[in-house]
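The block underneath contains the structure these notes are about, expressed in structure tokens.
Taken together, the values in this text are just the output of simple stated rules run on the coordinates, not laboratory data. Since we're looking at a predicted model, the values are computed, not measured. As a convention, Cβ positions derive from the backbone with ideal geometry for all residues, glycine included, and neighbour counts pool all protein chains shown.
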Amino acid sequence: MDEYELPKYGRAVRENILKRDNECQGCGIFEGCDRREPERIPARLEVHHILPRGYAKRLDFNPNFPENLITLCKPSHRGDVSSVHPDIYRAGIEYNRGDKDAFTKAKAHHERLLDNQRIYWNGEHDRQLSAQAVRQTQKRRREGWRWITDD
Ligand SMILES: [Zn+2]
Ligand SMILES: [Zn+2]
């Protein structure tokens, strides 16, 4: 369904970032985060690219490095309008209403914005998430965590 949003990295990278972070890193940044409500069913954890893949592709850099990857719960990631991907959330609603092209349209909109030198994501979220990803990486490295790649 929303394969557009599913990140392109292998299982090893995903598991390594989940191991580094252990829980959603969006709490305090995103209203939708429910990590601190243990009575609720634990939210599924997802690994998010801070600088998006589509953007990285244009600039020809590999977005899979530890300071660009961060663990978010699904609500923080794409669960509502205050999440890191409100446009993906909205596309999901349109898709469920029957618009099977909703994700393709969202992606096309992103491309148009980039064509016009504009970003389609929230730069303020980026700053906060990047700082958190750097902190997590440094802290875990001191504890012996090592970055691994898929190849
Ligand atoms: Zn969260
Ligand atoms: Zn994401």
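General remarks:
- Ordering of 46-58, 100-112 by packing [mean C-beta count within 10 Å, highest first]: 46-58, 100-112
- Full extension of the chain segment joining ASP80 with HIS109 gains 8.5 nm, where the gain is 0.36 nm per residue of separation less the Cα-Cα distance.
- Over 23 Å (Cα to Cα) - which of LYS19/LYS57; LYS57/LYS107; LYS19/LYS105; LYS8/LYS105; LYS74/LYS100 fall in this group: LYS19/LYS57; LYS19/LYS105
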